[in-house]
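For reference, the structure is listed below as structure tokens.
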Amino acid sequence: MNAFKPHLANVADYPYAKVDARVKLDQNESPEDLPADLKARALERLAKVSWNRYPELHAEDVRAAVARHEEWPEAGIVLAPGSNLLVLALASAARTVVDTVPAFPYYKGGAQAAGTPWRGIPLGAGFALPKAELLAAMDGEGGVLFLPNPHAPTGKLFEQGDVAELAEKARARGWLLVVDEAYHAFAGTDARPLARANENVAVLRTFSKSWALGGIRAGYLLASPKVAAVVRACVPPFCIPAHTSTILLTVLESPGYVKPLVERIRAERARLLEGLSRHPRWKPYPSAANYLLVRTPDAKAAFDHLLSHGLLVRRQDHYAGLEGCIRISVGTREENDLLLAAAASAP
Ligand SMILES: *Cc1c(COP(=O)(O)O)cnc(C)c1O
């Protein structure tokens, strides 16, 4: 077969295997669904939409609503069916991609699919930001640096001052620093001021986590109009479906449910951390996100034990530096009680 570019000869599937379990704590989703009244309102609205017509070219209606919500110029916003697609668009446009190791796997996955050279810089001790190495990496010819903050999958929150140093270097060397804020709501942090002051910084956000809309597939980039225009050109036209737009417009009109939901998850995160810290062999790491990374003596044994109690978590021990680690999404109070009870007897 000579149809495809050589770099695609040995592509691997995204590292995810679906497993059924009673309690699902493996994908950092919101444990609560969208409030029923908002669901009903979105469905009512969807019935009035003409399904035979194409949606807007680049979800202009949703962009206007996001612009108001985020206080960001509409021309600097790119919507896509999931921020993963924006990672792919950015990785396709990039000369090179730099990222931390371990990190969210799709920065590398997107670069590999696009045939863009990729370089991973290992985190320091205690998952510290490898600032000196990242600064040095930007001495290269130019490219995109992906930085999740809070970091995935460690949950570590990097210092604003350190991120600002990376941003300054990006400006000096013509790189683009993409701060992936998939989990910022759970940390209370905000990279927008940095991006507002520096067109070499962009912010990636998603509806999948704190908005409780993982199944809807929507994320957006906040960038300068120039950067946004490039990324938009790498995203297919008409790719936000009418039903997605309808749901997004509904929640953007009534975003009040997000804050209390985030508060509940933060309180449960503290309770889980405290409870898991009592395990004699497990070491949960403090997290600024809606999940906890936990070091255990044996990730497979921990995973199997929890699954036998009906609890699905995510193994992370395939990453260098995360030997023995599992990642647990913060669930509802009841789910977390089940988790703590099962963990108490875990190896
Ligand atoms: C969950 C997650 C996202 C969100 O991806 P979507 O495609 O918007 O669902 C982005 N970045 C990180 C680091 C994540 O963990």
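Things to note:
- Counting only protein heavy atoms and a 1.4 Å probe, the stretch 267-347 has 41 square angstrom of accessible area per residue.
- The helix-based estimate of mean residue ellipticity at 222 nm for the chain, built from -39,500 (n - 2.57) per DSSP H run of four or more residues and divided by its residue count, is -12000 deg cm²/dmol to the nearest 500.
- Subset of K18/K48; K209/K283; K24/K108; K108/K156; K156/K259; K39/K259 violating a 28 Å alpha-carbon distance limit: K18/K48
- Whichever aspartates and glutamates have a C-alpha closer than 12 Å to that of K131, once near sequence neighbours (fewer than 8 apart) are set aside: D99, E159, D162, E165
- Whole-angstrom gap from the stretch 23-84 to the stretch 258-272, using each part's C-alpha centre: 23 Å
- Amide H contacts of G219: A80, G82, S83, F207, each under 5 Å away and 5 or more positions distant or on a separate chain (H built 1.01 Å from N in the peptide plane; Pro and chain starts excluded).
- Selection from A167, T96, G126, by position along the positive dipole direction of the stretch 46-198 (Cβ): T96
- Considering only the stretch 37-254, percent of DSSP beta bridges that pair antiparallel, nearest 5: 35 percent
- For the stretch 1-109, applying the loop criterion from DSSP together with a ceiling of 10 other beta carbons within 10 Å to the chymotrypsin sites (Phe, Trp or Tyr not before Pro) yields F4, Y16, W51.
- Per atom type, the chain shows carbon and sulfur on 56% of its accessible surface, probed at 1.4 Å.
- With contacts taken as Cα pairs under 8 Å and at least 6 residues apart, the chain reaches a relative contact order of 23 percent.
- The smallest convex shape that holds all Cα atoms of the stretch 1-112, its convex hull, gives 235 Å³ per residue.
The values are calculated or read from the model by the stated rules, or taken from the named source; none is laboratory data. Because the structure is predicted, anything quoted here is derived from the model rather than measured. A quick note on method: Cβ atoms are made from the backbone with ideal geometry, for glycine too, and the neighbour counts reach across all protein chains shown. In case anyone asks, the SASA skips ligands and DNA or RNA and just uses the protein heavy atoms, side chains included. Shrake-Rupley method; radii C 1.70, N 1.55, O 1.52, S 1.80 Å.
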